[in-house]
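Presented below is the structure to which this report refers.
The values are calculated or read from the model by the stated rules, or taken from the named source; none is laboratory data. What you are looking at is a predicted structure, and each value in this text was computed from that prediction instead of being measured. Don't worry about glycine lacking a Cβ; one is built from the backbone with ideal geometry, like all the others, and counts go over all protein chains shown.
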Amino acid sequence: MDFLFVFLLGLAIGSFINCAVYRVYTEQSMRGTSFCPHCRHSLFAKDLVPLLSWVFLFGRCRYCKEKISVQYPLVELAVGLVFLSSYLFIVPALSLATLFYLFFVLSLLSFVFVYDLKYYIIPDFAVFSLIGIALLYRFFHFFTEGDVNNLLYPVFSALGAFVFFFLIFYLSKGKGMGFGDVKYVIFMGLFLGFPEIIVGLFLSFSLGAIIGLILLTLKKKGMKSEIPFGPFLITGTILSYFFGDFLVDWYFSFII
Ligand SMILES: [Zn+2]
């Protein structure tokens with residue numbers, strides 16, 4: 001039952017993220033009822049059931065029949081699956097506090113992923129919340145467990161990643177990546193620590209290069225048009241969080 005609950009929680013958070021992306025971009029308050037952005041008709045519970053409403057309405061608004069973007073069910077399903085797989089994968093090893101922390105981080109990361117992909121910017125409130133919560137979590141662990149390395153390694157990972165990205169940003173005059181990415185890697189270092197930060201960045205750049213080449217071949221994006229880097233950084237972060245140890249061990253098994 002708990003698996004189903006976690007999946008449904010992910011679906012609901014995915015639905016909330018869709019709404020948040022729209023409202024943050026249009027600078028509306030998060031309060032007030034949902035409405036169709038096309039006909040402004042208020043939406044009710046039956047219109048807002050994650051996945052199912054979109055499917056049973058055949059991807060159209062119940063009131064004006066305008067198409068509803070496939071982004072809505074896709075984001076809901078993706079966040080549901082991310083929650084479910086992290087729960088299945090890590091729950092035996094985690095305390096309840098860490099589980100809440102992880103789900104909070106995953107929710108914010110999903111929001112940034114969609115927002116950056118759509119609008120090519122990482123909102124400051126999101127990246128600063130991520131940095132804040134990761135720092136709090138590291139301090140919390142330091143004070144409860146007392147191992148200073150669990151604080152120092154992440155802090156130095158964050159500083160190192162920040163300096164590295166700032167240099168790329170500075171030398172490429174902002175063409176290589178946005179300043180949002182430079183701020184994001186501070187979180188990435190705090191969240192992943194060392195050596196997972198290296199694995200995470202390596203995966204992000206590799207993914208970016210592969211997807212960039214595929215898009216270029218398909219001529220979806222010209223050489224000059226930008227591909228947001230945030231979604232690659234986020235994918236690298238999540239993969240490294242779950243598989244970082246494993247990848248490091250695997251890599252060193254070749255060397256030693
Ligand atoms: Zn409508």
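Table for the structure above
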quantity: Filtered residue count, segment 113-148, keeping only those that are aliphatic (A, V, I, L, M), assigned to a helix (DSSP H, G or I) and over 18 Å from Leu192 (Cα atoms); calculated: 2
quantity: Hey, Leu167 modelled with pLDDT under 95 and either surrounded by fewer than 17 Cβ atoms within 10 Å (Cβ to Cβ) or under 13 Å from the mean Cα position of the chain (by Cα) (or both) or not; calculated: yes
quantity: Any hit, segment 204-218, residues being in the same structural domain as Leu151 (by TED's automatic domain parsing), at pLDDT below 85 and outside any helix (DSSP H, G or I); calculated: yes
